[in-house]
Structure formats: C-alpha cells, structure tokens
Amino acid sequence: MNEAWIIDACRTPRGIGKFGKGALSSIHPQRLGAAVLKALAERNSINTSEVDDIIWGTSSQRGQQSGDLGRMAALDAGYDVRSSGVTLDRFCGSGITTVALGSAAIMSGMEDVVIAGGTEMMSDYGQGGNDPGAFLDSGNLHLRERYPQPHQGICADAIATLEGITRYDVDQLGVESQARAARAMEAGAFDRSLVPVYHVNGTLALAKDEYPRPATTIEGLSKLKPAFVELATRPLDEQGTTYLGMLRQVYPNLDLNHVHHAGNSSGVVDGAAAVLLTSPHYARLRGWKPRARIVAWANMGDSPVLMLNAPVPAARKVLQKAGLTVADIDLFEINEAFAVVAEKFVRDLKLDRGCVNVNGGSIALGHPIGATGAILIGTILDELERRDKRRGLVTMCAAGGMAPAIVIERL
C-alpha cells in the first residue's frame with residue numbers, strides 16, 4: 001500500500017463571524033476557499049491539471065455555501081478544469097474527514113494528488129437562506145423520539161454536570177487558550193501556514209486572526225452569565241418540547257449546572273484551510289520534500305444525546321489502528337468546541353496539559369466548522385517541526401455524537 005504524504009498546508013486568518021462586522025464577512029465563501037487553493041498552487045508550483053481531486057468540507061451547505069464549494073473554489077483559484085472537486089459534511093469533523101478520504105484515495109493507488117480542506121462562512125448563517133441545519137425538525141419526530149439531540153451548548157453543560165467539571169475548570173481552560181494563542185501569535189507560530197485574504201478589487205481583507213482576546217482573565221470570565229440557561233427550558237414547539245426535556249428522557253434526574261458561555265466556548269468565525277497530499281511516487285517526480293505522512297485515521301460514534309463525547313473513544317481507536325499508545329504521541333489537538341470537551345479529553349486520557357493545544361484552540365481563535373479539522377492538522381504539523389517532534393494526533397467532536405481522529409508523523 002502507498003503512503004500518503006503531506007507536502008504543504010495553509011489556512012486563512014479567522015475573521016469574526018458576524019455579518020457586516022467581521023473582516024471576511026463580505027467575501028463570498030467560494031473566494032475564501034480559492035485563497036488557500038491558490039496559495040498552495042503558487043507555493044508549490046502545482047500543475048493543477050494533475051490534481052486528481054479536491055475534497056472539501058463545508059457543514060452548512062445552503063445559500064452561498066451550496067453548490068459544491070470544493071469545485072467552485074478551485075475554478076475561482078484558476079485551477080485547470082481537469083482538477084475535479086467534491087464537498088462533504090461531517091459537521092465539525094468535516095476537515096479531518098477530507099484529509100482522511102484524500103489519503104485513502106492515495107494509499108489505495110487510485111489517485112496521486114489530492115487537496116483536502118474546507119471553508120465555513122459562519123457570518124453568512126441566516127443570510128440568503130444559509131441557516132444552519134436544525135437538530136430539531138418537526139418533520140422528523142420519529143428520530144427525535146429515538147435519539148433526542150439537544151443544542152450543543154446544552155450538551156456541553158450536561159457533560160460538565162455529569163462529569164463534575166466546574167465553572168472554574170472551564171473558565172481556566174478558556175483563559176489558558178487565550179494566553180497560549182497570544183504567545184503563539186507573538187512568536188509567529190502561525191506564520192508559515194497563514195495566507196492573507198484579498199477582496200475582489202485586490203485590497204487586503206485580513207492578514208491575521210481577528211477573533212482572539214488576549215486580555216482575557218479568570219476574573220473577567222467569572223462575571224459572564226452562562227449562555228444556555230434560558231435556551232434549556234424555552235419551548236421549541238406547540239407540544240412544549242424543551243432541550244432540557246430531551247436530556248431528561250435519557251437522564252431523568254439531571255439538574256443542569258450551566259457553566260458555558262462565550263468566553264469558554266468556540267468562537268464564531270469565518271475561515272478556510274487546505275492540505276496538499278500526494279503519493280511518494282508523484283512527490284519524487286516533482287522534487288517535493290514531504291513534511292509528514294498520514295499514519296492512521298478513524299471515525300467513532302457515541303451518544304447523540306450528549307453529542308460531544310466521541311473524541312476520547314476516537315483517539316483510542318486511531319491509536320489502536322496505528323499500533324501506538326498515548327505515550328507515543330508528542331502533541332495533541334482536541335478542538336475546543338466547548339471547554340468541557342477539551343477538559344474531559346485531557347482527564348480521560350491522563351494527558352500532560354503541556355502537550356495539548358499548545359498554541360491555544362478554538363476558544364481563542366475560533367471554529368470555522370468545515371475548515372477547522374484541516375486547520376488543526378496544519379497547526380500541529382507546524383508545531384511538530386518547530387519542536388523537532390515526531391507524531392501528532394488531531395480529533396474533534398461533531399454533531400450527531402461523532403468524532404474523526406487522525407495521526408500524522410513527520411518525515
């Protein structure tokens with residue numbers, strides 16, 4: 001079986017995901033994807049007629065984000081028309097899944113050059129028909145009865161309650177995420193991967209991450225009201241269904257301890273990222289030096305009711321596939337969808353916090369849903385090189401109670 005090599009990875013800065021306010025919010029998502037595809041082509045002198053496929057992740061495929069963004073972004077980036085494209089949705093896990101499927105195509109011998117990545121314009125949600133898909137669908141009551149799926153924030157508070165994770169615990173993780181991101185930005189840790197985004201007229205839209213709040217303190221966060229108290233008990237339909245009621249179908253005695261708010265949850269942002277994958281044969285023909293190889297990947301499902309708990313079993317599964325243990329991994333990236341997700345991951349796997357999300361995470365930098373997985377793969381690769389370390393593991397929770405996970409190794 002072939003190996004799948006990572007040749008390069010890049011991402012846009014993450015812009016604040018508010019329509020009319022964020023620096024990227026006026027840009028078409030297709031052009032945001034084109035920015036990273038064009039950068040990869042220019043940085044590596046890619047013959048785009050030889051790109052076998054562009055596998056793209058976009059979770060909310062509505063409005064401007066509909067119509068196969070992978071293909072349209074490639075055309076916008078000036079790629080040869082022979083470079084095909086497809087767009088998929090595994091919710092938050094889409095960006096990892098694109099890299100996994102791209103590497104699978106290469107390892108099988110069917111393709112030699114694949115670009116994997118994703119785009120999410122969260123500022124576009126609710127604009128032009130681009131509302132994100134709802135977990136509560138009145139036309140799908142039979143599934144709700146079988147697997148009640150509350151709002152993700154309610155699930156985060158439920159997990160914190162069940163696990164005994166306190167408000168201080170999650171606030172402390174939020175503060176640390178901001179501090180680490182600030183240090184990373186000051187040290188230029190993201191510079192290799194970052195590519196600027198320009199407006200159609202050629203003027204600069206954004207060159208650095210817009211979301212971080214480096215002055216965040218534990219005292220400041222302690223003053224924020226929990227975000228999901230009212231939402232938990234708000235009637236959602238004529239029958240009086242509530243998210244708390246959904247949870248109590250499975251956990252009848254659950255008394256929610258609300259601990260999450262904007263300061264310890266992932267930021268709403270716009271962004272895109274891409275990873276260039278090739279076979280060893282093709283890389284040698286082009287004279288490209290590989291930066292890493294894909295060791296293993298895995299997908300895992302868990303409770304759709306709690307929704308956010310699959311990263312730990314996904315990490316264990318991918319390590320088993322790779323024939324590795326936690327001790328063999330130098331760096332971990334666990335997406336900070338909510339602080340409790342990262343906190344539980346560290347506790348359950350008994351990890352050294354000094355090797356987890358070392359440059360901050362989505363609490364500080366934001367979480368552009370379909371792009372985040374590819375961003376984190378690029379981030380961990382850059383950091384492995386800076387530290388002269390060998391292996392990294394990336395995983396993240398996804399709606400529906402899922403998690404993809406992937407292990408890469410420097411070459």
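Here are the numbers:
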| item | result |
| --- | --- |
| Scope the stretch 266-285; condition outside any strand (DSSP E or B) and touching a residue at least 24 places away in the same chain (Cβ under 8 Å); matching residues | SER266, GLY267, VAL268, SER279, PRO280, HIS281, TYR282, ALA283 |
| Some residue of the stretch 355-363 being of a type in the set (A, V, I, L, M, F, W, C), part of a loop (DSSP other than H, G, I, E, B) and closer than 23 Å to ALA272 by Cα | no |
| Any hit, the stretch 243-265, residues being assigned to a helix (DSSP H, G or I), of a type in the set (Ser, Thr, Tyr) and touching a helix residue (DSSP H, G or I) at 6+ places or on another chain (Cβ under 8 Å) | yes |
| Selection count, the stretch 251-290, where residues are more than 23 Å from PRO368 (Cβ to Cβ) and open to solvent by less than 70 Å² (accessible area, probe 1.4 Å) | 13 |
| Considering residues of the stretch 390-411 that are of a type in the set (D, E, K, R) and in contact with a Lys or Arg (Cβ under 7 Å, 6 or more places away or on another chain) only, the residue least open to solvent (accessible area, probe 1.4 Å) | GLU409 |
| Answer residue from the stretch 210-237, given it is in a loop (DSSP other than H, G, I, E, B) and out of contact with any helix residue (DSSP H, G or I) (no Cβ under 9 Å at 6 or more places or on another chain) and is surrounded by the most Cβ atoms within 10 Å (Cβ to Cβ) among those | GLU210 |
| Residue tally, condition surrounded by fewer than 22 Cβ atoms within 10 Å (Cβ to Cβ) and outside any loop (DSSP other than H, G, I, E, B), over the stretch 301-311 | 1 |
| Test: residue in the stretch 193-207 that is crowded, with 17+ Cβ neighbours inside 10 Å and part of a loop (DSSP other than H, G, I, E, B) | yes |
| Residue that is modelled with the lowest pLDDT [pool: residues in the stretch 147-188 that are open to solvent by less than 10 Å² (accessible area, probe 1.4 Å) and part of a loop (DSSP other than H, G, I, E, B)] | PRO148 |
| Test: residue in the stretch 357-370 that is β-branched (Val, Ile, Thr), open to solvent by 10 Å² or more (accessible area, probe 1.4 Å), modelled with pLDDT of 95 or more and farther than 16 Å from GLY117 by Cα | yes |
| Residue that is nearest to VAL407 (Cα to Cα), among those in the stretch 85-116 that are among the polar types (S, T, N, Q) and outside any helix (DSSP H, G or I) | SER108 |
| Filter result for the condition that a residue is within 19 Å of the chain's Cα centre (by Cα) and buried (at least 24 other Cβ atoms within 10 Å of the Cβ), over ILE54, ILE16 | ILE54 |
| Contacts under 7 angstrom Cβ, first residue in the stretch 16-28 being outside any strand (DSSP E or B) and of a type in the set (Val, Ile, Thr), partner at pLDDT 95 or above and crowded, with 19+ Cβ neighbours inside 10 Å, 6 or more apart | ILE27/VAL197; ILE27/ALA205 |
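The values are calculated or read from the model by the stated rules, or taken from the named source; none is laboratory data. As the structure is a computational prediction, the values presented were derived from the model and not from experiment. All Cβ positions, even for glycine, are placed from backbone atoms using ideal geometry, and neighbour counts span all protein chains on display. For accessibility, only protein heavy atoms count, side chains too; no ligands or nucleic acids. Shrake-Rupley method; radii C 1.70, N 1.55, O 1.52, S 1.80 Å.
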